[in-house]
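Nothing in this text is a laboratory measurement; each read-out follows from the coordinates by a stated rule. Keep in mind that this is a model prediction, so the values were computed, not measured. Backbone-built Cβ (ideal geometry, glycine too); neighbour counts: all protein chains shown.
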């Protein structure tokens, strides 16, 4: 018992002395550990994860549809077949979700040219295809914009002179890039009307300098990834055969 008391007193004096001592950081040291192919895999871990990896690979490569041709985002100046397909797919899949939650319809879709990260190759289309086209975790959001902000959106597209994917918006420019016609769902844009524009969260937050989204009436987050919208659309189609059309053209 006496030894126990002495031990407790010793600990007390040690900590009593330390609490008044100011500690300072003298240096930080580190070293780089290279992760290369030379690292030897752990056979037990490899054996454990193999069934999961094989199942994921099988799921990714399951054929969902067929692409009639090879489509690239470089195939057109102001609109491309692959961009049209992606924008239309987002509209087709996101609009029922948005309508069921709000009672409103999506009026148009705007995505970004740089967000298309792969070609759509001729042949079998799978979930892996969707991951190649859209490897990012971008999700669909719907932004309520007044006609003034729609004008800013249109001016952005005219200045960009790039094939940003759009759906349900029709723009016709003259040879000097002046707007001859601008319609949403076949109707002229009405002053002070609220339009529901589907886009992705990256663009909503100012990506690609699309700052016009910030002046909005409302924001609706659907918790629906662009990639998942593509997959859902693939599953509904037997053959994918998008075309360049007159949704955004210049008359020269």
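Numbers for the structure displayed
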read-out	value
Sorted by Cβ neighbour density within 10 Å, fewest at the top, the residues 80, 74, 194	74, 194, 80
Distance in nm between pseudo-label sites at residue 162 and residue 35 (7 Å out along the Cβ direction from Cα)	3.1
DSSP bridge pairs, the chain: antiparallel proportion in percent, nearest 5	80
The chain - percent relative contact order, Cα under 8 Å, separation 6 or more	28
Surface/4 estimate of mean projected area, convex hull on alpha-carbon atoms of segment 17-92, nm²	15.4
Segment 142-169 versus segment 199-252: alpha-carbon centroid distance in Å	11
Footprinting exposure proxy for 184, 33 (fewest neighbouring C-beta atoms within 10 Å first)	33, 184
Kirkwood hydrodynamic radius of segment 123-246, from inverse mean 1/r over distinct Cα pairs, in Å	16.1
Potential lengthening between residue 174 and residue 205 on full extension [0.36 nm per residue; Cα-Cα distance subtracted]	8.1 nm
Fully extended contour minus Cα-Cα distance, from residue 102 to residue 75, at 0.36 nm per residue	6.1 nm
Equivalent ellipsoid dimensions for the chain as semi-axes, Å, which come from the Cα gyration tensor, largest first	52, 28, 19
Kirkwood Rh (inverse of mean 1/r, distinct Cα pairs), segment 198-252, angstrom	14.4
Modelled FRET efficiency - R0 30 Å, residue 181 with residue 113, Cβ distances, 0.05 increments	0.85
